[in-house]
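Colleague: The structure that follows is given in the form of structure tokens.
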């Protein structure tokens, strides 16, 4: 395997680096209102509604979460409470990284600047990044770009801010749908799928796969 020499390593943050806990909080809120089987389906649908909510013009992330929660509650004929939807928004900045993240990022950061591109609000993401245990050159949000991934506008904003071209970066994500399909379409130079179990790998769209961030330094020859 050839050693990668990107100008920047760009990351999806939520799910890839931060241990996203939407499912756990959903279970806590719903409790026994649904059967175990229906609850798992609810969690999958809540994820699908969140993706659907970010496909149009930018709106605050709090609205994305509240709208997705309301739509899912309606589908399952559960009572919708605004406070429940907002619990997700306020919980996100408290979630720390996957256990493999700090050491892998520290090693990679010694060689290549790290950059975050997150579907987050400005008042959320830096709390998460501070828990990664490694220096980041820059962190960009959907709020800054006025567009959420998977829309190209989010990536275009990042490239403009970095002053680089898509072929100059290695983009790392655990999600094909939010990140790596668009990365493929934009001809990003190297596209690495972190196999967190969120989505299956499709090698047509990615150039590398790693089990977790501990595998990232190996791609750089470290």
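Taken together, the values in this text are just the output of simple stated rules run on the coordinates, not laboratory data. Not measured: the values here are computed from a predicted model. Positions of Cβ are backbone-derived with ideal geometry, glycine not excepted, and every protein chain shown enters the neighbour counts.
Colleague: Which whole-number percent is the relative contact order of the chain (Cα, under 8 Å, 6+ apart)?
Modeller: Details: 363 pairs, mean separation 56.7, N = 222.
Relative contact order here is 26 percent.
Colleague: Now for a separate question. Which whole-number percent gives the relative contact order of the stretch 45-126, counting Cα pairs below 8 Å spaced six or more residues apart? Don't jump to the answer; show the numbers that get you there.
Modeller: Values: 43 pairs, mean separation 22.0, N = 82.
Taking the mean separation of contacting Cα pairs over the length of the stretch 45-126, I get 27 percent.
Colleague: With the crude spin-label approximation of a point 7 Å out along Cα→Cβ, what separation in nm comes out for residue 70 versus residue 110?
Modeller: Between residue 70 and residue 110, the label points sit 5.1 nm apart.
Colleague: May I have the extent of the alpha carbons of the chain along their three principal axes, as whole Å values ordered from largest to smallest?
Modeller: Result for the chain: principal-axis Cα extents of 52, 33, 31 Å.
Colleague: Helix 152-162: angle to the longest alpha-carbon principal axis of the chain, degrees 0 to 90, nearest 10?
Modeller: The two axes meet at around 40 degrees.
Colleague: By DSSP, what percent of the beta bridges with both residues in the chain are antiparallel, rounded to the nearest 5?
Modeller: Working: 1 of 20 bridges.
Beta bridges within the chain, antiparallel portion: roughly 5 percent.
Colleague: Compute a Gaussian network model of the chain, connecting alpha carbons closer than 10 Å, and tell me which residue from 75, 106, 211 fluctuates the most.
Modeller: Its mean-square fluctuation being the largest, the pick is 75.
Colleague: Okay, helix-only estimate at 222 nm for the chain: each DSSP H run of n ≥ 4 adds -39500 (n - 2.57), divide by all residues, round to 500 deg cm²/dmol; what do you get?
Modeller: Values: 10 runs with 94 residues, N = 222.
Calculated at 222 nm, the ellipticity per residue is -12000 deg cm²/dmol.
Colleague: In whole Å, largest first, what are the principal axis extents of the Cα atoms in the stretch 22-93?
Modeller: 35, 21, 18
Colleague: Angle check, please: helix 36-53 long axis (alpha carbons) against the longest principal axis of the chain (alpha carbons), in degrees 0 to 90, nearest 10.
Modeller: 60
Colleague: If I take every Cα pair under 8 Å that is 6 or more residues apart in the stretch 9-84, average their sequence separation and divide by the length, what percent do I get for the relative contact order? Before the final figure, lay out the partial values.
Modeller: Numbers: 33 pairs, mean separation 18.2, N = 76.
That works out to 24 percent.
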